[in-house]
Amino acid sequence: MMYNAGVWVKAKAGRIVAHSSFYHLSDLEYVQIREPAEEEADMTKLWGGRFTKATNKLVEEYTASISFDQQLAEEDIEGSLAHVQMLGECGVIAPEEAEQIKQGLLKIKEKVEKGEIQFSVEHEDIHMNIEKLLIDEIGPVGGKLHTGRSRNDQVATDMHLYLRKKISFLIQLLEDIQQAIIKQADAHVETILPGYTHLQRAQPISFAHHLLAYFWMFERDKGRFKDSLKRVNLSPLGAGALAGTTFPIDRRRSAELLGFDDIYPNSLDAVSDRDFILEFLSNASVLMMHISRLSEELVIWSSQEFQFIELDDAFCTGSSIMPQKKNPDVPELLRAKTGRVYGHLIGLLTVLKGLPLAYNKDMQEDKEGMLDTVATLEGALQLLAPMLETMQVNTGKMRQAVQEDYSNATDIADYLVNKGLPFREAHAIIGQVVLYAIQHKKFLLDLSLDEYQRFSPLFAEDIYETLQPKQVVSARQSEGGTGFTQVKKQLELAKAVLGGKG
Ligand code: ARG
């Protein structure tokens, strides 16, 4: 059955399906789908003039973005302040009017900051809420603010300002993490643990070296964010709805007032570009992937099986049933939150594909994912720095792990190579030595010289010194390797990069 909106109908609760101006209902109980009294135009809407009917309440709620875009209040006011100053300077409105609007906006800003403002769904989004508040505050002159702009360039401006601010903050938070990594690395240059490939013990390495690998990942993340600022810090303001404006505005002046580096050269592109948000979500995804990999290592290392580290009690939680447990909930959640950030990237890519120029309401869907990504990153980064800094490193367990494995096998091969044997031949011999050792339940340092010499006459007493884990690590002196002097150099480089705000 189909009923025209605006009547009381019998319907099965929870099974109302909106379809254009009609509802498909199945008949179980009566629900009211619209107040019948609202048949005439709702003149309280800023755009109410062209309409002969009030907005359906469900439509009003469905299309409103104020529940989330109120987070852009500060940027919206900032953008309006620049716009109105420019309008005044260009003579589009009188200087006194510009001043009145400015004072009104500043008053609203203060009220927003004090939490005194109740935004309303009726005014749909942050832009119209603030404009309405302005008109209520200073009277009809407030209606001049929107001269020469549209919500389309306004919302884009807000998002550019918001991301510029947030990206700079995220870069600072990344530096706190890098600082925490440097602190731990400084203390653990000579702490040796097994390095892994395929999660199989491969070669012993310095713990500082392992940690510093993450320093460079975060350094690249910062680089990507910084680079993106070139595209974030552009002004769409003054592009109007899509085609520019008939008023003699100065886009470069409002851009300058807002600290933008440049303006979009094309008004259509200015209002419909969301690449800068995609780029942010993409950079955020790579960053979350790094955080997730580090978190995974923290989870593994803090397990009973590894016991390489212990996370501070303040960063762990207990089990409601098993009293012995200390769960690494924080790194687990950091690992999991990667999913929602990837989701937001794919979500927005999908929203934008196939959209014709210029603005489409679809684009309102750019906000929640971006806001959630910012919140997710801020939460993650703020926890990661202190968690890394307070982490206890169990150097004894790490050393023990290295002593009880075959990760020094490559060094026997290198030993034979140094005595003149081609690497391939040496590799084959060591394969046999390792197999022999495993079969006899011995580690490589436990074999006698006699046993070694059964495999090659080139072995001599100095093989034991070569196989000491410390020697194995320090021997890797190639640039960027795990040898202690190289790690120290790397640490100095990391400090310099961070000191110079790299
Ligand atoms: N709330 C809208 C958004 O977030 C603002 C722009 C609306 N423009 C329009 N022509 N409907 O995208």
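Odds and ends about this structure:
- A dipole drawn for region 118-184 from +1 and -1 charges on Cβ atoms has a positive end, and of Q178, H146, N129 the residue lying farthest that way is Q178.
- Order by protection proxy (mean Cβ within 10 Å, highest first), peptides 168-178, 134-144: 168-178, 134-144
- For region 268-277, 3J(HN,Hα) computed residue by residue from phi via the Karplus equation (6.51, -1.76, 1.60; θ = phi - 60°) reads 5, 5, 4, 8, 10, 6, 10, 4, 5, 7 Hz, glycine and proline entered as x.
- Helix-only mean residue ellipticity at 222 nm for the chain, each DSSP H run of n ≥ 4 adding -39500 (n - 2.57), per residue, nearest 500: -18000 deg cm²/dmol
- Gyration tensor (alpha-carbon) shape descriptor, region 277-382, a/c threshold 1.5: prolate
- Dividing the alpha-carbon radius of gyration of region 68-147 by the rule-of-thumb value 2.2 N^0.38 Å gives 1.03.
- Projected label points at Q103 and S67, each 7 Å from Cα along the beta carbon direction, are separated by 3.8 nanometres.
- Region 117-139 versus region 424-499: alpha-carbon centroid distance in Å: 71
- Protection proxy ranking of 404-410, 120-126 - average other beta-carbon atoms within 10 Å, highest first: 120-126, 404-410
- Kirkwood hydrodynamic radius (C-alpha pairs) into Stokes-Einstein, region 420-502, 10 °C and 1.306 mPa s, D in µm²/s: 104
- What you get for region 256-343, charging only the Cβ of Lys and Arg (+1) and of Asp and Glu (-1), is a dipole of about 560 debye around the Cα centre.
- Positive dipole terminus of the chain, leading residue within A73, A358, L458 (C-beta point charges): L458
- Placing unit charges on each Cβ (+1 for Lys and Arg, -1 for Asp and Glu) gives region 402-501 a dipole about its Cα centre, and among V402, I429, L445 the Cα reaching farthest toward its positive end belongs to V402.
- With a Förster radius of 25 Å applied to the beta-carbon distance between K442 and Q307, the computed FRET efficiency rounds to 0.55.
- When each of K166/K488; K114/K337; K114/K367; K111/K226; K183/K326 is checked by Cα-Cα distance, pairs over 30 Å: K166/K488; K114/K337; K111/K226
- Compactness of the chain, taken as the C-alpha radius of gyration over 2.2 N^0.38 Å, stands at 1.37.
- Here K325 is the anchor, and the aspartates and glutamates within straight C-alpha reach of less than 15 Å, apart from those fewer than 8 places off in the same chain, are E305, E310, D312, D313.
- Amide proton proximity set for G195, modelled H, under 5 Å, gap of 5+: A202, Q203, I205
- Magnitude of the charge dipole for region 402-501, about its Cα centre and with charges confined to Cβ atoms of Lys, Arg (+1) and Asp, Glu (-1), is about 500 debye.
- Nonlocal amide H pairs with I309, under 5 Å, H built at 1.01 Å: S302, N394
- Each label was represented as a point 7 Å from its Cα along the Cα-to-Cβ direction; for E451 and K326 these points are 3.7 nm apart.
- Label zone at T147 (point 7 Å along Cα-to-Cβ), backbone N below 20 Å, region 75-95: 77-95
- Were the residues from A314 through N266 laid out at 0.36 nm apart, the gain over their Cα-Cα distance would be 12.1 nm.
- Paramagnetic label zone (point 7 Å from Cα along Cα-to-C-beta, Q432; backbone N under 18 Å) in region 458-472: 458-460
- Dipole magnitude of region 313-357, debye to nearest 20 (Cβ charges: Lys/Arg +1, Asp/Glu -1, about Cα centre): 140
- Beta-bridge orientation, the chain: approximately 90 percent antiparallel, per DSSP, counting only bridges with both partners inside.
Bear in mind that the values in this text are calculations on the coordinates, not laboratory data. These figures come from a predicted structure and were not determined experimentally. Please note: Cβ atoms are built from the backbone with ideal geometry, for glycine as well, and neighbour counts cover all protein chains shown.
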